[in-house]
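Here is the structure we will look at, set down as structure tokens.
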Amino acid sequence: MKSVAHAVGVSVMTVSRVLRNRPEIKPETRRRVWAEVAAQGYKPNPLVSALMTQLKTKKKVGDGAMLALVHCLPEGYELSENMMTFREAARARARDLGYGLIEFYLRDYGMIINRIVEILQSRGIRGIIFEHFFTHGHRFNGNFSSFACVALGNSIAHPEFHRIASDQFREMQIALHQAESRGYSRIGYATLREVEILCNYQRMAALALAQSYMERSQIVPRLEVESFESLEQELLAWYERHRPDVILTQHPASYRFLMDAGIRIPEDVGFLHLGYNAKFTHVGGVDPNWRQRGVSAVDRVVNQLNRNEFGVPESPTVTYVKSEWVEGPSLREVGLHSSGAEMREFETSLKAGVEMS
């Protein structure tokens, strides 16, 4: 910093302020400082920056440098088991890597995102993990040039951060393959429209691919509802109309809706859950591995910090976390195959798709 200051003809404090993106520095001075910084190959160390902030403010903010976990769901919202698993895993991974994890609730993203940015800057926190919203298309207008960021899922449309996600196309392929291996031929899919938008219609695309190999009599039209409130009534009507022999869904309440209506699982219909977690011992399905998502989110941010990569990336990347199949009593046992050349062709196509994924 002294070398840069001497070359540009400014004070060390001015160089420090430019590196911290302080707004009071004149644009021309800022340009000259950054040009000299680039020429000398200087890169600030984020861990030292956090330590200096800690020393200057005489506040101990944790056992090491800090990361921020921003909750995008409303404060006080009853969390799913999967989201609690994600948060626990993120805290544990940060601790293992020598970081503390401070948590914020983003109740109104348009009103308080800049305030959160200011707080993080004042505390010397350079890494941020954003959780997902329930709806798509959210936009942040804050200045993230001094932060390493990662977002969970696809709900934040702007800026385009690096993201941690599950491969819903492959998840659906796994589910379809497991259903077919148990002899199910009329496979029904029930979902919410917003859920499909959030996963970029990957599940629907995998289902459409599989149905292209089916006989017309085996194809069950998907159920796509606008709101969770309408799911129960529409689910039961859809089931009575199309009589699928297995239902794939991400919504665990569907199991209760069916049972309350006197529909036996798995005797009358199989039930395959696409958002399985450890509490769902009564069903089988696809576990989206939220624990690994928490680990991967922390790793992605820390890797950026270690490489001094800050700001919105020019080429954002997506890290897909592998999902796992979990057996459960809501499905038939493996081996009860339907006969027919069309089902053998269907099985081949599903296996090939899973292997390619």
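Tell me, yes or no, whether the range 98-120 has at least one residue that is open to solvent by 20 Å² or more (accessible area, probe 1.4 Å) and in contact with a Ser or Thr (Cβ under 8 Å, 6 or more places away or on another chain). Scanning the range 98-120, I find no residue that is open to solvent by 20 Å² or more (accessible area, probe 1.4 Å) and in contact with a Ser or Thr (Cβ under 8 Å, 6 or more places away or on another chain), so the answer is no. Pairing each residue of the range 139-155 that is of a type in the set (Val, Ile, Thr) with any residue that is open to solvent by 20 Å² or more (accessible area, probe 1.4 Å) and outside any strand (DSSP E or B), provided the two are 6+ apart or on different chains, yields C-beta distances under 6 Å for VAL150/ARG300. Checking each residue in the range 121-150 for being part of a strand (DSSP E or B) and open to solvent by less than 10 Å² (accessible area, probe 1.4 Å) picks out GLY127, ILE128, ILE129, PHE130, ALA148, CYS149, VAL150. Checking each residue of the range 299-318 against the condition of being over 16 Å from PHE144 (Cα atoms), modelled with pLDDT of 95 or more and in contact with a helix residue (DSSP H, G or I) (Cβ under 6 Å, 6 or more places away or on another chain) gives no match. Applying the criterion of being polar (S, T, N, Q) and modelled with pLDDT under 95 to the residues of the range 320-357, the residue that is surrounded by the most Cβ atoms within 10 Å (Cβ to Cβ) is SER323. Of all the listed residues (ARG186, ARG222), the sole one being among the charged types (D, E, K, R), within 23 Å of TYR255 (Cα to Cα), buried (at least 19 other Cβ atoms within 10 Å of the Cβ) and modelled with pLDDT of 95 or more is ARG222. Filtered by the rule that a residue be modelled with pLDDT under 85, part of a helix (DSSP H, G or I) and either among the polar types (S, T, N, Q) or open to solvent by 80 Å² or more (accessible area, probe 1.4 Å) (or both), the range 8-47 gives SER16, ARG17, LEU47. Residue count for the range 268-280 under the criterion of being modelled with pLDDT under 95 and surrounded by fewer than 17 Cβ atoms within 10 Å (Cβ to Cβ): the result is 2.
Here's the yes/no breakdown for (1) more than 19 Å from LEU152 (Cβ to Cβ); (2) out of contact with any Cys (no Cβ under 9 Å at 6 or more places or on another chain):
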| position | (1), (2) |
| --- | --- |
| PHE257 | yes, yes |
| ILE265 | yes, yes |
| VAL269 | yes, yes |
| LEU272 | yes, yes |
| PRO288 | no, yes |
| ARG293 | no, yes |
| ALA297 | no, yes |
| ARG307 | yes, yes |
| VAL312 | no, no |
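Checking ALA92, ALA68, ALA5, ALA50 one by one, the residue that is at pLDDT 90 or above, among the small types (Gly, Ala, Ser), within 34 Å of the chain's Cα centre (by Cα) and in a helix (DSSP H, G or I) is ALA92 and no other. Taking the listed residues ARG193, ARG170, ARG163, the one that is open to solvent by 10 Å² or more (accessible area, probe 1.4 Å) and in contact with an Asp or Glu (Cβ under 6 Å, 6 or more places away or on another chain) is ARG193, with no other qualifying. For the range 225-243, the set of residues classified as open to solvent by 20 Å² or more (accessible area, probe 1.4 Å), touching a residue at least 24 places away in the same chain (Cβ under 8 Å) and either β-branched (Val, Ile, Thr) or closer than 28 Å to THR135 by Cβ (or both) consists of GLU226, SER227, PHE228, GLU232, LEU236, listed by residue number.
The values are calculated or read from the model by the stated rules, or taken from the named source; none is laboratory data. None of these values were measured; they are calculated from a predicted model. Quick reminder, even Gly has a Cβ in these numbers, built from the backbone with ideal geometry, and neighbours come from all protein chains shown. These area figures cover heavy atoms from the full protein model, side chains too; ligands, DNA and RNA do not enter into them. Shrake-Rupley method; radii C 1.70, N 1.55, O 1.52, S 1.80 Å.
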